Amino acid sequence: MNIVQEIRRQNHGAKLAAKSQDFEITFDELFAAVDQITSALRSHPAFQINGIPRIGIRFPNGLAYIAVALAVLETGACFVPIPDELTDHERDQLISDTSLHGIVKAGDHGLPLPLNLGTAEILELHPTPTAFPVTTFEDLNPAFIRFSSGTTGSSKGVVLSHESLLERILAANRGLKLQAGDRVLWTLPMAHHFAVTIVLYLYHGVTTVLEESHHPEAIYEAAKESGTHLLYGSPFHFAQLAECQNAGPLPDLRLAISTAFALSPDIAKSFEKRFQLPLTQALGIIEVGLPILNLDQASEQPGALGQALPDYDVKTEDGELFLKGPGMFDAYLIPWQPRPEPWFATGDLVEIKDKTITMKGRRKSVINVAGMKVFPEEVEKILNNHPAIAESRVLAERHPALGSFPLAEIVVLENHTPPTLRGIREFCGKNLAGYKLPMQMRLVQKISRTASGKIKRHQERTPPS
């Protein structure tokens, strides 16, 4: 089974697969381009190995990324996205960990791509010895490897088979309810979100609207002009859209979904006020897919993760969220570990009331203060409401008697006087118990985040300003 062949079988033909200000591409045109690229890739030595090639893809967001990724998958190779924001060291580590046979990347010379999509440079690599069992890996029919910190705080490759990809996009669409001809405005990096979202849109005959500019006015105009039915972005995107002074309700917009990191209720309320549509939070997990959407309580409880979609079961053990359902990841690559059966431990500490799930924190990020638990997210939420604070990160600092205590890293808003430790303790003390208050404070220039926007809690700390 190959996910690209499954998409082809849906016969979307003359419907639009993608559009921008400069072009409109039908499914027939897209797959004609994919056929040309696939033929060229199969003739390259990097794809002519005894087994399943592992191929990295390094392209900017856009139609070329979609066409090249589909072609790589159609050859039967396993697709490994290489995000642009990686340092040279991180990129080399990813290439080594996955033992890539080749890389297809945007270049100035090499394979001319159809549809005036530029040029693809194909690099043949000499794979390093694998740290995973190749035969077992290939028996999974692997389609995709993406590196994520998972639930442990350490990097590991998440392996998805073609079968798992199909299962999860079908399950996700039970909540999204996208139909052929619908339009989705794309705002997120394809290197991080291709496997569920783009594949899902193609399978269901949805048009992906590509807008190169990240300027909120440009995003709004693209949504308005295209008749967008679904907006799918991060809280950052929606916060910016809510500030667009000339923006107003979009008549065709049915659903706005916020993902990547926690949605602030203030952002949700601002967006709903301007666009007259609730902002729906989603819990996306690379190991699981899109199991939870806040479809029922988006207006009343905008900060809630939401409700489990029909195909998923949820339970909690000691407050930790466990999930069971279709499309689960097939294995962790390094160290090799088949997926747990039947439940997946998310590492998220949650509260469930009337089927609505609310995040309380991460098991790995909990700070133990003399036996009492402090969720950094809870403290950060209060700190970020301070009039002089742009953003914050709360970390555990060791203490010989207490075990640990909260330390607050703070980014000060431009043209504001930095708050004092006493000041932020008094500010937080109006809403938090005494043991949750930061005992130390550090001013920093920025908060370290992962590529998908989540606060780094297991990496080196941000250097002080």
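The values are calculated or read from the model by the stated rules, or taken from the named source; none is laboratory data. In this text, all values refer to a predicted model and were calculated from it rather than measured experimentally. Don't worry about glycine lacking a Cβ; one is built from the backbone with ideal geometry, like all the others, and counts go over all protein chains shown.
Only one of the numbered conditions (1) more than 28 Å from HIS204 (Cα to Cα); (2) of a type in the set (A, V, I, L, M); (3) without any contact (Cβ under 8 Å) to a residue 12 or more places away in the chain is not met by ALA218, and that is (1).
For GLU380, the conditions (1) at pLDDT 85 or above; (2) within 30 Å of MET190 (Cβ to Cβ); (3) touching a Leu at 6+ places or on another chain (Cβ under 8 Å) all hold with the exception of (3). Might you let me know whether the range 279-295 holds any residue that is in contact (Cβ under 8 Å) with a residue 40 or more places away in the chain and closer than 30 Å to PRO129 by Cβ? Yes, because at least one residue in the range 279-295 is in contact (Cβ under 8 Å) with a residue 40 or more places away in the chain and closer than 30 Å to PRO129 by Cβ. PHE261 passes every criterion in (1) within 23 Å of SER20 (Cα to Cα); (2) in contact (Cβ under 8 Å) with a residue 60 or more places away in the chain apart from (1).
Look at the range 1-19: where a residue is under 20 Å from ILE52 (Cβ atoms) and a partner is in a strand (DSSP E or B) and not basic (Lys, Arg), sitting 6+ places away or on another chain with Cβ atoms under 7 Å, you get ILE3/ALA143.
Does ALA370 satisfy the condition of being aliphatic (A, V, I, L, M), more than 23 Å from the chain's Cα centre (by Cα), surrounded by fewer than 17 Cβ atoms within 10 Å (Cβ to Cβ) and at positive phi? Yes, satisfied. Scanning the range 328-354 for residues that are within 30 Å of SER264 (Cβ to Cβ) and either crowded, with 20+ Cβ neighbours inside 10 Å or touching a Gly at 6+ places or on another chain (Cβ under 9 Å) (or both) turns up MET328, PHE329, PHE344, THR346, GLY347, ASP348, LEU349, VAL350, GLU351. The criterion of at least 3 residues that are in the same structural domain as ARG183 (by TED's automatic domain parsing), buried (at least 20 other Cβ atoms within 10 Å of the Cβ) and of a type in the set (A, V, I, L, M) is met, among helices (runs of 4 or more DSSP H) falling completely within the range 23-114, by 27-42, 63-74.
Listed by position, the strands (runs of 3 or more DSSP E) inside the range 332-424 whose residues that are assigned by TED's automatic domain parsing to the domain that holds LEU305 and in contact with a Lys or Arg (Cβ under 7 Å, 6 or more places away or on another chain) number at least 2 are 344-353.
Of all residues in the range 198-225, those that are part of a helix (DSSP H, G or I) and either crowded, with 21+ Cβ neighbours inside 10 Å or outside the structural domain of LEU293 (by TED's automatic domain parsing) (or both) total 10.
Quick check on the range 425-444: of everything there that is farther than 23 Å from ILE455 by Cα and assigned to a loop (DSSP other than H, G, I, E, B), which residue is modelled with the highest pLDDT? I'd like the intermediate steps shown before the answer.
Initially, the range 425-444 is screened for residues farther than 23 Å from ILE455 by Cα, giving 426, 429-430, 433-434.
Cutting the leftovers down to assigned to a loop (DSSP other than H, G, I, E, B) gives us 430, 433.
On the way: LYS430: 89, ALA433: 82.
It comes out as LYS430.
If you check GLY284 against the conditions, is it closer than 20 Å to LEU230 by Cα, out of contact with any Gly (no Cβ under 8 Å at 6 or more places or on another chain) and not in a strand (DSSP E or B)? Considered against the rule, which asks whether it is closer than 20 Å to LEU230 by Cα, out of contact with any Gly (no Cβ under 8 Å at 6 or more places or on another chain) and not in a strand (DSSP E or B), GLY284 comes out as no. Only residues that are in contact with a helix residue (DSSP H, G or I) (Cβ under 8 Å, 6 or more places away or on another chain), modelled with pLDDT of 90 or more and within 17 Å of ARG183 (Cβ to Cβ): list them for the range 233-256, please. Listed by number, the residues that qualify are LEU241, PRO249, LEU250, LEU253, LEU255, ALA256.
Residue-wise test of (1) touching a residue at least 60 places away in the same chain (Cβ under 8 Å); (2) under 23 Å from the mean Cα position of the chain (by Cα).
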{"site": "PRO335", "(1), (2)": "yes, yes"}
{"site": "ARG339", "(1), (2)": "no, yes"}
{"site": "LYS353", "(1), (2)": "no, no"}
{"site": "ILE357", "(1), (2)": "yes, yes"}
{"site": "SER365", "(1), (2)": "yes, yes"}
{"site": "PRO376", "(1), (2)": "yes, yes"}
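Of all the residues in the range 381-437, those that are closer than 19 Å to PRO235 by Cβ and aromatic (Phe, Trp, Tyr) number 0.
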